[in-house]
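Asker: Supplied in structure tokens, the structure appears directly below.
Please treat every number below as a calculation from the coordinates, not as lab data. Owing to the predicted nature of the structure, the values given are computational and were not obtained by experimental measurement.
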Amino acid sequence: MKAARPKDWQTISKFIGTGLSKLRKDKGFDTVKDFAVKYKLPEIQYWRMEKGKANLTLKSLSKVLNIHRKSFEDFFCDLDYAPVRK
């Protein structure tokens, strides 16, 4: 049985951020800074994405997912729906 899907924007943002953080770590980057520098991303903005504090656009999310060679479908299907603590 799947866990309940997140409903409010803050929870969804944190959920996406957790997934991005996992992708970064799986790629071998321990820090946001190292990842951002390597892929020429604004460090603060990327940090905010991972923390669920950025107002994500499809364009910005697409850019990061392209770095990981992930489609939107693959990214969201691979994530576990687990409660995000506030």
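Asker: Normalise the Debye intensity by I(0) for the range 31-79, one equal point scatterer per Cα, no solvent, then take log10 at q = 0.24, 0.27, 0.30 Å⁻¹ and round to two decimals.
Answerer: Each listed q corresponds, in turn, to -0.97, -1.15, -1.25.
Asker: Residue 52's amide H: which non-local residues (gap 5+, or another chain) put their own amide H closer than 5 Å, with H modeled 1.01 Å from N in plane and none for Pro or chain starts?
Answerer: 17
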